[in-house]
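Right, one structure below, let's go through it.
The values are calculated or read from the model by the stated rules, or taken from the named source; none is laboratory data. Only a predicted model underlies this, so the values are computations on that prediction, with no experimental measurement involved. Don't worry about glycine lacking a Cβ; one is built from the backbone with ideal geometry, like all the others, and counts go over all protein chains shown.
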Amino acid sequence: MQTVIVLGKGELACRICQWFLESDSYSLEYVVPVIPEPSWTSSLTQWCRSNDVRFVDSGHFVDLDDIKEPMWKADLVFSVFYDKILPGWFLEKSRRAVNLHNGPLPKYRGMNPINWALKNGETTHGVTIHEMVPAIDAGPIIAQLTYSIYPQQDEVADVYKRSLAYGYALFQETMPILDKIDGQRQSTEDATYFSSKDQAKLGDRSNFTRAVSAPC
C-alpha cells in the first residue's frame with residue numbers, strides 16, 4: 001500500500017481525501033490544509049476531524065512530522081489548490097508529486113486560471129493533473145480534460161463549480177492507472193502565466209461574480 005499526503009483546500013480536496021481514505025491501494029497518512037481556510041467552500045480540517053485523519057494545524061508542509069529527517073519519504077504527494085510553492089528538496093522526498101490544476105496547461109499557469117480564461121473570452125477551459133517540479137505548474141502533464149465555457153454568460157462561480165465536477169472525474173479516471181502513465185512534457189511556446197501581481201488587470205473578473213463576491 002502506498003502512502004499519500006494531500007495538500008489543499010475546499011470541496012474537491014475533501015472528495016479526493018475521501019477517495020484515498022477508502023482506497024485499497026493508498027494509505028492517507030497526512031493532510032496539509034490551506035490555512036486560513038476560505039469560508040466559501042468546504043472545510044478540509046473539519047473533514048479531517050470527522051474522519052480521524054491527521055492534519056497540519058499551521059497549514060505549512062514544513063511542519064509535517066519528521067519532514068526534515070533524511071529518511072522521511074512519501075510514496076505520493078497530491079496537491080489540490082494548495083497555496084504554497086513546494087521546493088525541490090520537498091518534492092525529492094516523494095516518489096511522485098502530483099498537482100491538480102484548474103486550467104488547461106500549459107496555458108493559464110499560476111493564479112486565477114478560470115478568471116483569466118473568462119477575462120480573455122475563451123470558449124474552452126480545462127483541468128490538468130501534472131507532475132510537480134520546482135517551477136510553477138510547469139511539470140509534465142499526466143492527464144487533462146477540456147470543457148466548454150461561455151464568457152458572455154458564465155460567472156467565475158459557474159465555471160469553478162463545473163471545474164470541481166470535471167476535476168474529480170479526471171482524478172477518478174487517472175488514479176487507477178497513475179503508475180502506468182509517463183507525463184508528457186509541456187510546450188513552453190504555448191505557456192501563459194499569471195501571478196498575484198496581475199490581479200488588478202482582471203477588472204470585473206477578479207471575483208466569483210461580476211458583482212463583488214468572494215475571490216477565487
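Exactly one residue out of A200, A138, A169 is over 24 Å from G88 (Cβ atoms), out of contact with any Lys or Arg (no Cβ under 6 Å at 6 or more places or on another chain) and at pLDDT 95 or above: that is A169.
Does G59 qualify as being more than 26 Å from R185 (Cβ to Cβ) and either small (G, A, S) or in a strand (DSSP E or B) (or both)? So G59 passes the test. Just one of W116, W89 is outside the structural domain of V6 (by TED's automatic domain parsing) and of a type in the set (A, V, I, L, M, F, W, C); which is it? None of the other options fit; the residue is W116.
Among the residues of the range 72-81, which ones are in contact with a strand residue (DSSP E or B) (Cβ under 6 Å, 6 or more places away or on another chain) and either outside any loop (DSSP other than H, G, I, E, B) or of a type in the set (K, R) (or both)? Give the steps one after another, and end with the answer.
Going residue by residue through the range 72-81, those that are in contact with a strand residue (DSSP E or B) (Cβ under 6 Å, 6 or more places away or on another chain) are 74-81.
Passing the criteria: A74, D75, L76, V77, F78, S79, V80.
When I177, I149, I136 are checked against the criterion of being farther than 20 Å from L118 by Cβ and surrounded by 14 or more Cβ atoms within 10 Å (Cβ to Cβ), I136 stands alone in meeting it.
Please go through the range 1-13 and pick out each residue that is touching a strand residue (DSSP E or B) at 6+ places or on another chain (Cβ under 9 Å), under 24 Å from D83 (Cα atoms) and not in a loop (DSSP other than H, G, I, E, B).
The first filter runs over the range 1-13 and keeps only residues touching a strand residue (DSSP E or B) at 6+ places or on another chain (Cβ under 9 Å), leaving 1-10, 12-13.
If we keep only those that are under 24 Å from D83 (Cα atoms) as well, we get 3-10, 12-13.
If the condition is that a residue be touching a strand residue (DSSP E or B) at 6+ places or on another chain (Cβ under 9 Å), under 24 Å from D83 (Cα atoms) and not in a loop (DSSP other than H, G, I, E, B), then T3, V4, I5, V6, L7, G8, G10, L12, A13 are the ones that fit.
Entry remark, the range 82-110: residues being buried (at least 20 other Cβ atoms within 10 Å of the Cβ) and under 12 Å from the mean Cα position of the chain (by Cα) number 9 in total.
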